[in-house]
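The values are calculated or read from the model by the stated rules, or taken from the named source; none is laboratory data. Nothing here was measured: the structure is a model prediction, and the numbers come from that model. Here the Cβ positions follow ideal geometry from the backbone for every residue, glycine too, while neighbour counts run over all protein chains shown. With ligands, DNA and RNA removed, areas are computed over all heavy atoms of the protein, side chains included. Shrake-Rupley method; radii C 1.70, N 1.55, O 1.52, S 1.80 Å.
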Amino acid sequence: MPKLAINGGVPVAVELNKFISQWPIFDEDDINAVVETIKSRRWCRLYPGSKAEQFEEAFARYHDAKYGIAVANGTVALELALKTIGVTYGDEVIVPAYTFIATASAVSEVGGVPVFADVDPETGNIDPSDVENKITERTKAIIAVHFGGYPADLDELTRIAKKHGLFLIEDAAHAHGSEWRGRKVGAIGNMGGFSFQESKSLTAGEGGIVLTNDDKLAERAKLIHNIGRVPGQPGYIHYILSSNYRLSEIQAALLLSRLNKLPREVEIKHSNGKYLSDQLRRIGVVKPTRDDERVTKRGYYYYVMLYNEEELHGIPKDLFIEALRAEGVPVGVSYGPPLYRQPAFRRENIKNVFPPNARIPDYENLYLKGAEEFAKRELVLSHYVLLAPREGLDLIVAAIEKIRDNVDELLQVLPKWKEKRTDTWIDTLYKRD
Ligand SMILES: Cc1ncc(COP(=O)(O)O)c(C=O)c1O
């Protein structure tokens, strides 16, 4: 009789879904906040004391920042930050090679050129030593992503940025609640951007915010985000040519209400993440990201694990994922291959994207070792899985242990599995002609 669920055995973690709430979560307070705002007929932030203003203050306070500028999504949060620091046509901005595409596309959207630096294969975060290799006389800024909520090395990145006179922008789209040396991330660099898209730890379906501690940058960001209007001077005086990045009042009301719950959720995820990592270190096969005592709180967007194919007798990661999912664990991958393998970076697709004076990297032929290794090994659980009680997390551990102990069954099905397997979306991105 087969034991593994992938072969028809009984799934060991079948109860896990009872412990995981459907995301996004909400309660009566959230519903009331939205309904009240609808009834108020104040749906746009263009009046004093708006919900957007209240949310900016509350989120900035929670994230140890002086200022917040609420925006429509996390992508434009980065664009706003880049415009505010003055990134312009042909400027180079160093970004990690492993991230969601918005980290790089925000740069090209403001006329700059994203230059990929390698990532640490143990965390997925930008590798400061490779950042230094990529600096040229055209470099204006560095964007560091706190991948999955694990803060990038802000000590080194701050040192490098200062040494070379560059701006440091934190892409904190994954890092609500994360701390570096006891301080929340997002405004440790010059500016930071967050996303409130539906899958994020704090969400209103869409939304974003830019944080900063710098008075001048805050003032400029506010001006740019509201089509050139100076705060407190509504109406039709516009001081610069700009765009509209504003967040709606309905979203701001929902975010304000959800923000009340966030600190407690962050604590639960931080402590459960630590528990799960301790268990995984004990059983092997997948490894948690490395501990760093400077990371004092992990807010989590992804709980990242690193798969070790050798430890499971050469079973490919995709088969391991299938086996684990069959046991009832909602495991997956994040973004697949390193970003430079996306069709968006092929020569024919970047024609006309960059200004004529730009020096365009040979994206198509890039190969960054850390990013390739991270892509090959990473597995993720969504952050809300960490809101499950410990008995739920124990089922994840039990499922991995079960696969480890019955690897013979996987070895038997491996040849057939390989034969039947068709290309996944990830395989297609690895094909270069
Ligand atoms: C690292 C990173 N940066 C930026 C963004 C962009 O955020 P949004 O989807 O709100 O535009 C995301 C969204 O998933 C992200 O993961």
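Quick notes on this structure:
- Placing unit charges on each Cβ (+1 for Lys and Arg, -1 for Asp and Glu) gives the range 28-261 a dipole about its Cα centre, and among H63, H238, A253 the Cα reaching farthest toward its positive end belongs to H238.
- The chain: most fluctuating residue of I142, I237, I360 per GNM, C-alpha cutoff 10 Å: I237
- Of K66/K222; K83/K163; K376/K418, pairs whose Cα-Cα distance is over 19 Å: K83/K163
- Size of electric dipole in the chain: Cβ of Lys, Arg +1 and of Asp, Glu -1, about Cα centre, debye, nearest 20: 860
- Of the residues P288, P128, P389, the one that moves most in a GNM of the chain with alpha-carbon contacts below 10 Å is P389.
- Taking the longest Cα principal axis of the chain as reference, the axis of helix 317-326 is set at about 80 degrees.
- Carbon and sulfur %, accessible surface of the range 28-261 computed with the full protein complex present, 1.4 Å: 51
- Cross-link partners of K402 among lysines (Cα-Cα below 19 Å; sequence separation of 8 or more within a chain): K3, K287, K317
- Charging the Cβ of each Asp and Glu at -1 and of each Lys and Arg at +1, and nothing else, the dipole of the range 28-261 about its Cα centre rounds to 940 debye.
- Modelled spin labels at E219 and Y239, positioned 7 Å past Cα toward Cβ, are 0.7 nm from each other.
- In the chain the longest region clear of GluC sites (Glu not before Pro) that are loop-assigned by DSSP and have at most 13 other C-beta atoms within 10 Å covers 294-433.
- Cα-derived Rg to Rh of the range 28-261, Kirkwood definition: 0.97
- Under 19 Å from K216, Cα to Cα: aspartates and glutamates that are on another chain or at least 8 residues apart: E53, E56, E57, D64, E79, E170
- A simple count of charges around G208, restricted to other residues whose Cβ falls under 12 Å of its Cβ and scoring Lys, Arg +1 and Asp, Glu -1, yields -2.
- Cα-projected label distance for R421 with K376, points at 7 Å along beta-carbon direction, nm: 1.4
- Dimensionless Rg/Rh of the chain - Kirkwood Rh, Rg from C-alpha atoms: 0.99
- On Cα atoms only, tilt of 249-259 relative to the major axis of the chain in degrees: 50
- When you filter the trypsin sites (Lys or Arg not before Pro) in the range 320-367 for DSSP loop state and at most 12 other Cβ atoms inside 10 Å of their Cβ, you are left with K351, R359.
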